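Before any comments, here is the structure.
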Amino acid sequence: MTHTWTTDPARLLRVDDGFALDRIDADGHPGFDGHKADGHRLLAEREERLDELQERLYADSHVGDGKDAVLLVLQAMDTAGKGGVVRHVVGRVDPQGIALAAFKAPTEEELAHDFLWRVEKQLPEPGMIGVFDRSHYEDVLIARVHALADPEEIERRYGAIVDFERRIVASGTRIVKVMLHISPDEQKDRLMQRLERPDKYWKYNPGDVDERLRWDDYMAAYQAVFERTSTPDAPWYVVPANRKWYARLAVQELLIDALEDIDPRWPAADFDVEAEKKRLAAT
């Protein structure tokens, strides 16, 4: 039996009116009727489709007249699997068509500008799939939880993000915003695994334990983000991520959906194909 999606994950995982993060089962696999081995099989099978669409997107802009791009925004609590998505989903296509950016603490130069200044500089060019491993949403998540900005400024930022993303979409970039949602118990297990394996020590940050104490505050901050910034132009998708295989499979399908909606075309030859065949045969 071939296991596949029973329901389009873009519809199942999308944040709409009435969404409540605390009702999402982080251990679930909504819309997929198989188990781990089935998920790995489908992930491998769908790599070919994602790779073809990405190549068409790239070719259409670099040789044709395509103006489209895709921006994948990944947000999550630590250990939720953003790196795994980058490696096992995005990393399976031609790297020359990928632009990866990870936003850390802002520099002095960045702090001298509005919070979106540094983000705009990292937006993908036409033909590219851009990936934000953390993003402009840090400025309304961490900033809210740690009171790095006053409530009035946080409110202003929500509106600025919506306007910013509306402009990005109007320019031809599809935005796929994903929160990988894990449970606090799953995060605890994953952090403990890092402490039990010397090859994972480098991934461990003692500050993650401190952040765990603010779990409820972060969930409230995410809920506010969804309510204020999930729009028809750029909706949020919340992906249960306790099962890594499911999270990767879901993000892969969300990217495929976005690219199929763009439907990039192979650029037509700007030379006489038959004449070139004859010239080549004569050499």
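What to note about this one:
- For the chain, relative contact order (Cα pairs under 8 Å, six or more residues apart, normalised by length) works out to 33 percent.
- Sites listed here are chymotrypsin sites (Phe, Trp or Tyr not before Pro) in the stretch 1-110 whose DSSP assignment is loop and whose Cβ has at most 16 other Cβ atoms within 10 Å: Phe19.
- Taking Cα centre as origin and charging only the Cβ of basic (Lys, Arg, +1) and acidic (Asp, Glu, -1) residues, the dipole magnitude of the stretch 126-244 rounds to 540 debye.
- Between the stretch 69-124 and the stretch 1-63, the alpha-carbon center distance in angstrom: 20 Å
- When +1 charges are put on Lys and Arg Cβ atoms and -1 charges on Asp and Glu Cβ atoms, the dipole computed for the stretch 6-70 relative to its Cα centre reaches about 80 debye.
- Radius of gyration and maximum dimension Dmax of the stretch 108-184, Cα, Å: 13.6, 38
- Prolate/oblate/rounded label for the stretch 141-266 (Cα gyration tensor, a/c 1.5): oblate
- Loop-located trypsin sites (Lys or Arg not before Pro) in the stretch 162-248 whose Cβ has at most 15 other Cβ within 10 Å (DSSP): Arg214
- Placing unit charges on each Cβ (+1 for Lys and Arg, -1 for Asp and Glu) gives the stretch 188-283 a dipole about its Cα centre, and among Leu213, Leu280, Val238 the Cα reaching farthest toward its positive end belongs to Leu213.
- The stretch 192-283 shape via C-alpha gyration tensor axes, a/c threshold 1.5: oblate
- Dipole magnitude of the chain, debye to nearest 20 (Cβ charges: Lys/Arg +1, Asp/Glu -1, about Cα centre): 740 debye
- Geometric descriptor of the chain, per residue, is 181 Å³ (volume of the convex hull of the Cα atoms).
- Zero-based 5 Å bins, Cα pair distances in the stretch 1-153, whole percents: 2, 7, 12, 16, 18, 17, 14, 9, 5, 1, 0, 0
- When only Cα pairs below 8 angstrom with a gap of at least 6 residues are kept, the stretch 73-157 shows a relative contact order of 37 percent.
- Loop-located chymotrypsin sites (Phe, Trp or Tyr not before Pro) in the stretch 197-279 whose Cβ has at most 16 other Cβ within 10 Å (DSSP): Phe271
- Label positions at Met192 and Asp270, each projected 7 Å from the Cα along the C-beta direction, are separated by 6.0 nm.
- Given charges at Cβ of Lys, Arg, Asp, Glu: the stretch 1-92 dipole, positive-most of Leu43, Gly28, Val86: Val86
- Accessible area per residue for the stretch 1-156 is 52 Å², calculated with a 1.4 Å probe on protein heavy atoms, without ligands, DNA or RNA.
- Share of carbon and sulfur in the accessible heavy-atom surface of the chain [1.4 Å probe, %]: 49 percent
- Shape class of the stretch 74-228 from the Cα gyration tensor (axes a ≥ b ≥ c, square roots of the eigenvalues): oblate, since a/c reaches 1.5 or more and a/b does not exceed b/c.
The values are calculated or read from the model by the stated rules, or taken from the named source; none is laboratory data. Quick caveat: nothing in here was measured; it's all calculated off a predicted structure. Note that we place each Cβ from the backbone using ideal geometry, even for glycine, and neighbour counts take in every protein chain shown. The protein model used for the area step is the full one, side chains on, heavy atoms only, and it has no ligands, DNA or RNA in it. Shrake-Rupley method; radii C 1.70, N 1.55, O 1.52, S 1.80 Å.
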